[in-house]
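K.L.:
Supplied in structure tokens, the structure appears directly below.
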Amino acid sequence: MNAPPRLFLAVPALLENYAGICDRFSGILEGRWRDEAGLHATIAFLGDRFSPARVIDTVEGIDRSFDMSRLEKWDYFSRARVFVATTHNPSLQGLYERLAPLLELPPARLSPHVTLMRVKRFSDPDAFAQTCARFPPSGGLLGEIVLYESRLRSEGALYVPLHRWES
């Protein structure tokens, strides 16, 4: 029997010269880089509570507008041990708040970010801070919302787009 799909809604992201970013930080951070094609800012993790059809029907009926935004700075979220690019985008909070009652999501405060790496170890924290300051991210969130399925694999999660909506 197949397990139900693990679903989430996200806004895809594009970082200019992602290979160069990986090269620049690889000597400082050790871990697994995310696949460039799957870079995104998560709006809502839905898990296996809904069928894709139910989510698609729900999202079709709401105001899906949000502002596109640039990725502004690098950060390290120590609790989750992830290297991220962040953006300040209050309109994503509004999108979450429109979705939450329809998908039975708890109240939450979003911290919009794009995860680039799950970090196993820092080899040089000072060099990390200096590199972050000298080379800010270049790129941003794209103008669409995507329903993804997360498929867990030994080499890392694979994010499969199931449906797309323009903002």
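K.L.:
Does A13 satisfy being touching a helix residue (DSSP H, G or I) at 6+ places or on another chain (Cβ under 9 Å) and touching a residue at least 24 places away in the same chain (Cβ under 8 Å)?
P.N.:
Against the criterion (touching a helix residue (DSSP H, G or I) at 6+ places or on another chain (Cβ under 9 Å) and touching a residue at least 24 places away in the same chain (Cβ under 8 Å)), A13 does not qualify.
K.L.:
For segment 1-37, how many residues are of a type in the set (D, E) and under 13 Å from the mean Cα position of the chain (by Cα)? Can you show your working first?
P.N.:
Here is the first cut: in segment 1-37, the residues of a type in the set (D, E) are 16, 23, 30, 35-36.
Imposing the further condition that a residue be under 13 Å from the mean Cα position of the chain (by Cα) reduces the set to 35-36.
The qualifying residues number 2.
K.L.:
Quick one: in segment 108-167, of everything that is surrounded by 14 or more Cβ atoms within 10 Å (Cβ to Cβ) and among the charged types (D, E, K, R), which residue is nearest to A10 (Cα to Cα)?
P.N.:
E144
K.L.:
Something else: Which strands (runs of 3 or more DSSP E) does segment 1-96 wholly contain that include 1 or more residues that are open to solvent by less than 10 Å² (accessible area, probe 1.4 Å) and β-branched (V, I, T)?
P.N.:
Numbers: elements: 6-15, 29-33, 40-47, 73-77, 82-86.
Correct list: 6-15, 40-47, 82-86.
The values are calculated or read from the model by the stated rules, or taken from the named source; none is laboratory data. Please read these numbers as outputs of a predicted model, since none were measured by experiment. In this analysis, Cβ positions are derived from the backbone assuming ideal geometry, glycine residues included, and neighbour counts consider all displayed protein chains. Note: accessible area is taken over every heavy atom of the protein model, side chains too, but ligands, DNA and RNA are not part of it. Shrake-Rupley method; radii C 1.70, N 1.55, O 1.52, S 1.80 Å.
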